[in-house]
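Here is the structure we will look at.
The values are calculated or read from the model by the stated rules, or taken from the named source; none is laboratory data. Small disclaimer: the values here were computed from a predicted structure and weren't measured. Heads up, the Cβs are rebuilt from the backbone with ideal geometry, glycines too, and the neighbour counts pull from every protein chain shown.
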Ligand SMILES: [Mg+2]
Ligand SMILES: [Zn+2]
């Protein structure tokens, strides 16, 4: 059966500890219970899609190949916990920093909804039935703009941006695991 919705999850500060401009696999450190949260979604057959702003590419701090290696390592780490991600979508751009084609006013950089739209088109997800989880205000702003249920987590920049995210989010959770518990409750109440 094809799922008509997904859970979209920000990466840094939501799944793994946010170290500024993470560029190497050895910098990856999972936030406690985040792999278990993803595994719970996997167990219910709910697609999990990562959406992440990676302007470090535009800034010349790392390459798309470096990013691919980080995501391969994240996949391996999640697999050790019995968890997996369907797809990674990232925005390599920045509106003012960087050179060449990476320097642009794109639609994919959150709070833009470009990554959500792209994944929805590729997999047939209904964004209005989907969920977006992230630590920053831009994450819940993007989720709200797409018509999804928007959840902000207290990990990463969540505490710092709790005020800023308030008008965009539907729920504030202590971490990804708490957010997933809330999502499962919402789903159990859907007709
Ligand atoms: Mg984040
Ligand atoms: Zn972009």
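The figures follow:
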item	result
Top-ranked residue in region 9-36 [being within 10 Å of ligand 1 (Cβ to nearest atom) and part of a loop (DSSP other than H, G, I, E, B); ranked as nearest to residue 127 (Cα to Cα)]	10
Residue in region 88-105 that is more than 12 Å from ligand 2 (Cβ to nearest atom) and within 18 Å of residue 16 (Cβ to Cβ) present	yes
Matching entry among 173, 119, 179 (being touching a strand residue (DSSP E or B) at 6+ places or on another chain (Cβ under 6 Å), within 16 Å of ligand 2 (Cβ to nearest atom) and in contact (Cβ under 8 Å) with a residue 12 or more places away in the chain)	119
Selection status of residue 66, assigned to a helix (DSSP H, G or I) and either out of contact with any helix residue (DSSP H, G or I) (no Cβ under 7 Å at 6 or more places or on another chain) or closer than 20 Å to residue 146 by Cβ (or both)	yes
Subset of region 89-120 (residues that are touching a helix residue (DSSP H, G or I) at 6+ places or on another chain (Cβ under 6 Å), surrounded by fewer than 18 Cβ atoms within 10 Å (Cβ to Cβ) and under 28 Å from residue 35 (Cβ atoms))	89, 111
Residues of region 134-157 satisfying the condition of being touching a residue at least 40 places away in the same chain (Cβ under 8 Å) and touching a strand residue (DSSP E or B) at 6+ places or on another chain (Cβ under 6 Å)	135, 143, 148, 153
Some residue of region 89-110 being part of a loop (DSSP other than H, G, I, E, B), closer than 27 Å to residue 40 by Cβ and modelled with pLDDT of 95 or more	yes
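Conditions tested, residue by residue: (1) more than 16 Å from ligand 2 (Cβ to nearest atom); (2) out of contact with any helix residue (DSSP H, G or I) (no Cβ under 7 Å at 6 or more places or on another chain); (3) part of a strand (DSSP E or B); (4) within 21 Å of residue 107 (Cα to Cα).
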{"site": "125", "(1), (2), (3), (4)": "yes, no, no, yes"}
{"site": "139", "(1), (2), (3), (4)": "no, yes, no, yes"}
{"site": "142", "(1), (2), (3), (4)": "no, no, no, yes"}
{"site": "150", "(1), (2), (3), (4)": "yes, no, yes, yes"}
{"site": "169", "(1), (2), (3), (4)": "yes, no, no, yes"}
{"site": "186", "(1), (2), (3), (4)": "yes, yes, no, no"}
